[in-house]
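The values are calculated or read from the model by the stated rules, or taken from the named source; none is laboratory data. Computed from a predicted model, the values in this text were never measured in an experiment. Every residue, glycine as well, gets a Cβ built from its backbone with ideal geometry; the counts of neighbours run over all protein chains shown.
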Amino acid sequence: MENHIMDARWLAPSEPSNKSCIEFYKDFEVDDEVVCATLTASALGVYKAELNGKKVGDIVLAPGRTSMRYSVMYQTYDITDMLKEKNRITLTVAGGWKSLSNHDILSNPSLAKDECAVIASIDIEYEDGTTECIPTDCSWFMTKSKIVMSDPYDGETYDATFVSPEPVHIEPIMYPRCFLIPQVNEPTREKEVIKAVKYIKTPCGEDVVDFGQNLAGFIEVTFEGEKGHVFELECGEVLDKDGNFYNKNYRKAKAKLTYISDGKKAKYKTSMSFFGFRYLRLTGWNGKVNIKDFKAIAVYSDMERTGFIETSDPDLNQLYHNIIWGQRSNFIDVPTDCPQRDEKLGWTGDAQVFCKCASFNYNTYNFFRKWLMDMRNDQRPTGAIPHVIPNNTNWSSPASSWSDACCIIPWQLYLIYGNKQILSENFQMMKYWAEYIVRRDDDYFSSSKEYGDWLSTDVPDTAETRGGTSRRYMAMCVSVRTLEIVTKAAEVLKIRNADFRKEADRIRKKIVDEFFDKNYHLTEETQTANVLAIECRIWPEKNNEFASKLAELVHKNGDRISTGFVGTPYILGALSDNGYTELAYTLLLQKKYPSWLYPLSKGATTMWEHWDGLKEDGSMWSESMNSFNHYAYGAVGDWIYTNAAGIKYDEDEPGFKKVTIAPLTDTRIEHLKASVISEYGLISSEWENKNGKTTYTIVIPDGIKASAILSGKHHSLKAGENTFTV
């Protein structure tokens, strides 16, 4: 049945809401037998719909986050079985996603910059064939909700004693409807429910509840107190070195649930704001704290889980657990950098380095397809890609590796899912960015906006967050890779006049001229410099030399990593692809800082922003930029899938239509298994070291070409289970 949301009108508060939630409602009757009824709704902000006091659908934080200058999604719900003879539809709206946007780009004389708006239509088909449409219009009423404050950073305040003022009729506002589009990606839903595991009385006397898992989502609590009693729950990710509650790393975000009791025992769950947290600091609990009264509800985009890893090493299993929870916590309609502090932004650099691992773990095709739509919309007329999407911040200047997400992510999705549509939808954006690189050339490579090898540890001054590798060198290397990706995408799509190979070779020569000595040795003495030389194919004939130098630098650093956001995703592959598999495993299994396993010694349950967010003495890296729920360093997961387990797709026949299983084993691990659910079915690679022999068990679905390389020998694979002992 067709929806009529384009015939509806936008409704906005008739007076300033001051961050309180607004309820828009309408009473209506249905006379005859209803065959079908739907509600279609959207908002500038966040909305939830209720029909006759019951929530409509299971989507949360609707309509989702987009670049609102160009598109706002709407959702359609089946409400046939919810209708009665007399009905009330209520739409509760908060600032939500709009509060995270740059208000200048949404300026409209009909809508105050800090206000929200809602639009909806109910479409009914009766048994006699007639239809009825109930749109948002001047017949609706407005009142204030008991949620007297809702803010993406500050949290939610619910006043059970609040008495709503008399409802008032409202006049619709003149606001465009042309940018309304149907849901593109999987909506956000409530997923895992996590019970509190511990009550803590801290050394300084605070009441703290621990859920045992860092996550992003809602808080559900049972309250009981006298009328007017105020309960406060503040969110935190870690305890300080003395065991006290800590959340200074949230910066300006208050991240707090406040509940004002009406004297009755009540269960309350947040719904209009989400939090990033593991701990809650309680204020107002005068009696005994019962941890059974507290629950956390993980909230994230409802993607299909496709990848799994399990090993005999408990630390590797915990690392993978942390990778998964880092993804869950930050894939909330857009790939955010972190879910807790006053940011929650779609940083492009984080997303592009993690995209491959993310797409093994979950089916991310629609998730990234929608985000790439926002990226296309936010691309500057010059071709520049802002480094945050949606571009909430007016940070429109590009940055190497960050802006290159516009090419790296579509290409990666094509390789994983084999669907040319993702390339055709984004090719013009990719090409414009490639042309920007070529046109700006030295001006771009020397840009002061570069983030470099973000948060690497190869410089002694920890205040230098951009690392020790030349930012110009890095920009040039990554640009070579980007130009070659665009060229390959053009070949897949059979598009002419988009061959950037000559430009890539020109930049290669420039790199050699500037960053190699007279004996043609790379002068950049960092791990990341050598990693990028290999990954970006700067001089493939010298890959063994780069790998040898990389191994030397790793040994010099105590067999530890020193790379940041740009070098880390590729360092293990740079080693294992060039004869240093044992050293790659040494880095993977390293427990000393800096390493992937070091945070585990500090109780990490998600990936950290910094290698040493919590230092060895228990002190914090910093207050200003220290998230304990980032996913970028979780990119190591794709090496476990594609190298340790050896599940490799073929660029010429992508989407796992052709695979090679080439596991890299290590005697320090007894058993490792990884699997991914492809379009064709389950692909699984498992190996076990026992009694001096390695047994491989490989599962291949029907309909694909598959072979294996085991200890240097080639084997053909049949559909079903294949077992080999070496």
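Values as computed for the structure displayed
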{"read-out": "Filtered residue count, the stretch 270-312, keeping only those that are farther than 12 Å from E220 by Cα, assigned to a loop (DSSP other than H, G, I, E, B) and either out of contact with any His (no Cβ under 8 Å at 6 or more places or on another chain) or of a type in the set (K, R) (or both)", "value": "12"}
{"read-out": "Evaluation of K267 against (1) surrounded by fewer than 23 Cβ atoms within 10 Å (Cβ to Cβ); (2) of a type in the set (K, R); (3) outside any strand (DSSP E or B) (one fails), failing number", "value": "(3)"}
{"read-out": "Close pairs (6 angstrom Cβ cut-off, 6 or more residues apart or separate chains): basic (K, R) in the stretch 132-150, surrounded by fewer than 17 Cβ atoms within 10 Å (Cβ to Cβ) anywhere", "value": "K144/S164; K146/F162"}
{"read-out": "Candidates T90, T40, filtered to the one that is in contact (Cβ under 8 Å) with a residue 60 or more places away in the chain, touching a helix residue (DSSP H, G or I) at 6+ places or on another chain (Cβ under 9 Å) and in the same structural domain as V148 (by TED's automatic domain parsing)", "value": "T40"}
{"read-out": "Yes/no for T586 being closer than 25 Å to C355 by Cβ, hydroxyl-bearing (S, T, Y) and either crowded, with 17+ Cβ neighbours inside 10 Å or assigned by TED's automatic domain parsing to the domain that holds E503 (or both)", "value": "no"}
{"read-out": "Test: residue in the stretch 565-577 that is buried (at least 24 other Cβ atoms within 10 Å of the Cβ), among the hydroxyl-bearing types (S, T, Y) and either assigned by TED's automatic domain parsing to the domain that holds D404 or in contact (Cβ under 8 Å) with a residue 12 or more places away in the chain (or both)", "value": "yes"}
{"read-out": "Within the stretch 381-436, tally of residues that are within 17 Å of I495 (Cβ to Cβ), among the polar types (S, T, N, Q) and either modelled with pLDDT under 95 or assigned to a helix (DSSP H, G or I) (or both)", "value": "4"}
{"read-out": "Which listed residue, of L180, L215, L239, is farther than 21 Å from S271 by Cβ, touching a Ser or Thr at 6+ places or on another chain (Cβ under 8 Å) and buried (at least 20 other Cβ atoms within 10 Å of the Cβ)", "value": "L239"}
{"read-out": "Filter result for D32 (in contact with a Lys or Arg (Cβ under 8 Å, 6 or more places away or on another chain) and among the acidic types (D, E))", "value": "no"}
{"read-out": "Tally of residues being part of a strand (DSSP E or B) and under 16 Å from I704 (Cα atoms) across the stretch 659-687", "value": "12"}
{"read-out": "Extreme residue, surrounded by the fewest Cβ atoms within 10 Å (Cβ to Cβ), among residues of the stretch 646-662 that are in contact with a helix residue (DSSP H, G or I) (Cβ under 7 Å, 6 or more places away or on another chain) and not aromatic (F, W, Y)", "value": "E651"}
{"read-out": "Scan of the stretch 539-563 for residues that are touching a Lys or Arg at 6+ places or on another chain (Cβ under 8 Å) and small (G, A, S), ordered by number", "value": "G558"}
{"read-out": "Candidates R560, R496 - the one that is among the basic types (K, R) and at pLDDT 95 or above", "value": "R560"}
{"read-out": "Matching option when the condition is touching a Gly at 6+ places or on another chain (Cβ under 7 Å) and part of a loop (DSSP other than H, G, I, E, B), among F656, F628", "value": "F628"}
{"read-out": "Number of the exception - Y444 against (1) buried (at least 22 other Cβ atoms within 10 Å of the Cβ); (2) outside any loop (DSSP other than H, G, I, E, B); (3) out of contact with any Pro (no Cβ under 8 Å at 6 or more places or on another chain)", "value": "(3)"}
{"read-out": "Boolean, E616 is assigned to a loop (DSSP other than H, G, I, E, B) and either more than 20 Å from C357 (Cα to Cα) or polar (S, T, N, Q) (or both)", "value": "yes"}
{"read-out": "Those residues of the stretch 654-710 which are at positive phi and either touching a residue at least 12 places away in the same chain (Cβ under 8 Å) or of a type in the set (K, R) (or both), in sequence order", "value": "G655, F656, G681, G703"}
{"read-out": "Helices (runs of 4 or more DSSP H) contained entirely in the stretch 450-548, each with at least 1 residues that are assigned by TED's automatic domain parsing to the domain that holds G567 and within 19 Å of Y432 (Cα to Cα)", "value": "471-493, 501-515"}
{"read-out": "Strands (runs of 3 or more DSSP E) contained entirely in the stretch 176-249, each with at least 2 residues that are more than 27 Å from E343 (Cβ to Cβ) and not β-branched (V, I, T)", "value": "180-182, 198-201, 207-223"}
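Residue-wise test of (1) of a type in the set (A, V, I, L, M); (2) over 20 Å from S359 (Cα atoms); (3) assigned by TED's automatic domain parsing to the domain that holds L587.
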{"position": "I677", "(1), (2), (3)": "yes, no, no"}
{"position": "S684", "(1), (2), (3)": "no, no, no"}
{"position": "W687", "(1), (2), (3)": "no, yes, no"}
{"position": "T694", "(1), (2), (3)": "no, yes, no"}
{"position": "I700", "(1), (2), (3)": "yes, no, no"}
{"position": "K705", "(1), (2), (3)": "no, yes, no"}
{"position": "H714", "(1), (2), (3)": "no, yes, no"}
{"position": "K718", "(1), (2), (3)": "no, yes, no"}
{"position": "E721", "(1), (2), (3)": "no, yes, no"}
